[in-house]
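These notes are about the structure you will find just below.
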Amino acid sequence: MASTYSALKIELIATGEQVNLWGATTNTNLGTALEEAIVGRAVASFTSDANLTIDLTNTNATQVARHYILSLTSVGALTATRDLIVPTTDKPYIIENNTTGSQSIRVKTTAGTGITVPNGKTAMVYADSTNVVSALSYVPALSIDTATIATAAIAAGTATFSAATITTATINGGTITGITDLAVADGGTGLSTLTANNVLLGNGASAPTFVAPSTSGNVLTSNGTTWTSAANPPDFASGTRMSFQQTAAPTGWTKDTTAAINDSILRFVTGSVTPSGGSVAFSTWNAQTATGGYTLQIADIPAHTHTWTIGTGSTAAGAGGGIPISTYISANTSSTGGSGSHSHSLTQGLKFYDFIIAAKD
């Protein structure tokens, strides 16, 4: 009766068979077949840019598919995720994706969905005669030191740790769920939920407190101890009066249209403010080009006289005749002038900019 083979292709010698040969067969079973399944390491090479199928045949001689550790390589660079199709025999594998081209390898059975192993990563999987699944789904207690957990390295992109201690871990991709009320001292908030649109306030080692937005237009204001939502104080108090170089008042201001303000100039004072004064409009005063004419009156000039002196007397006064020098008469000169007025030229065309006055509402 001929030998048969187990699922891992260990040769099972039939009763009475292989007289004087059973020792060699047994040695191959132990030194090759069983050793490959327990600690064996083999290279499974993608010789082309396509899927690779490995299988088991009825021999206890060395076979790639029997090995526990499979180092996946490729002759050339792979251009897409490729499949490593393994036998449906129940068997664990450690898969090392050492292919070139930076592509992932999906380890699967012919009909299964399989496990995807990223390039440069190592995964422990298990062929369960139907599919290839992750070899580990639960670890009761785990300590991970300086670990990197990648999404694609775990079946379905999900890692579940129960009562695990992870030290100096780097998690790339994926999500962490199931952790509630993580303490502030551990980097959390101590809360399960955060109120939408509220501002968080630090609270030492305790869970943070919140400031609600409250009324529309409010601002976050410090009272010297904490922060509150308060009405935005106006830039200027109601009734504040200011000047603006524009025709209309800004939003929130009312233009002062008092007639006395129109065509006036500004005056600065150090005492009380008189709203207005004077009577001549700025444009009227500014349009003058000469002073008003004025006729001088007698009373406007200094008092004075003009005297003209002539001599009088007979010609017999002296030996040579003539008028005696001791005799004189006085007379006034004739008057002249038109008693008209006069003016002086004057330029007052000052440059100006127009402003309005408006009061804060």
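For the stretch 1-49, which residues satisfy the criterion of being touching a residue at least 12 places away in the same chain (Cβ under 8 Å) and among the small types (Gly, Ala, Ser)? Across the stretch 1-49, the qualifying residues are Ala2, Ser3, Ala7, Ala14, Gly16, Ala33, Ala37, Gly40, Ala42, Ala44, Ser45, Ser48. Among the residues of the stretch 67-87, is there at least one that is closer than 22 Å to Glu35 by Cα, part of a loop (DSSP other than H, G, I, E, B), of a type in the set (Val, Ile, Thr) and at pLDDT 95 or above? Yes, some residue in the stretch 67-87 is closer than 22 Å to Glu35 by Cα, part of a loop (DSSP other than H, G, I, E, B), of a type in the set (Val, Ile, Thr) and at pLDDT 95 or above. For Ala65, indicate whether it is open to solvent by less than 20 Å² (accessible area, probe 1.4 Å) and touching a strand residue (DSSP E or B) at 6+ places or on another chain (Cβ under 7 Å). So Ala65 fails the test.
In the stretch 95-137, the qualifying residues are those that are under 44 Å from the mean Cα position of the chain (by Cα) and charged (D, E, K, R), and the one that is nearest to Leu78 (Cα to Cα) is Arg106. Each residue in the stretch 1-42 was checked for being open to solvent by 90 Å² or more (accessible area, probe 1.4 Å) and assigned to a loop (DSSP other than H, G, I, E, B), and 5 pass.
Restricting the stretch 318-356 to residues that are modelled with pLDDT of 75 or more and in a strand (DSSP E or B), which is least open to solvent (accessible area, probe 1.4 Å)? Checking each candidate, the answer is Ile356. Scanning the stretch 173-225 for residues that are within 30 Å of Pro118 (Cα to Cα) and β-branched (Val, Ile, Thr) yields a total of 4. All of Ala141, Ala111, Ala127 fail the test of being of a type in the set (A, V, I, L, M, F, W, C), open to solvent by 80 Å² or more (accessible area, probe 1.4 Å), out of contact with any His (no Cβ under 7 Å at 6 or more places or on another chain) and at negative phi, apart from Ala111. For the stretch 274-285, indicate whether the set of residues that are more than 21 Å from Phe355 (Cβ to Cβ) and open to solvent by less than 90 Å² (accessible area, probe 1.4 Å) is non-empty. The answer is no; no qualifying residue exists.
Matching residues to (1) open to solvent by 60 Å² or more (accessible area, probe 1.4 Å); (2) of a type in the set (Lys, Arg); (3) within 30 Å of Ser276 (Cα to Cα):
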position	(1), (2), (3)
Asn203	yes, no, no
Gly217	no, no, no
Ser222	yes, no, no
Trp227	yes, no, no
Phe236	yes, no, yes
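The set of residues from the stretch 50-66 being part of a loop (DSSP other than H, G, I, E, B) and of a type outside the set (Val, Ile, Thr) comprises Ala50, Asn51, Asp55, Leu56, Asn58, Asn60, Ala61, Gln63.
The values are calculated or read from the model by the stated rules, or taken from the named source; none is laboratory data. Nothing here was measured: the structure is a model prediction, and the numbers come from that model. Positions of Cβ are backbone-derived with ideal geometry, glycine not excepted, and every protein chain shown enters the neighbour counts. For the accessible areas, the whole protein counts, side chains as well, though only heavy atoms, and no ligand, DNA or RNA atoms are used. Shrake-Rupley method; radii C 1.70, N 1.55, O 1.52, S 1.80 Å.
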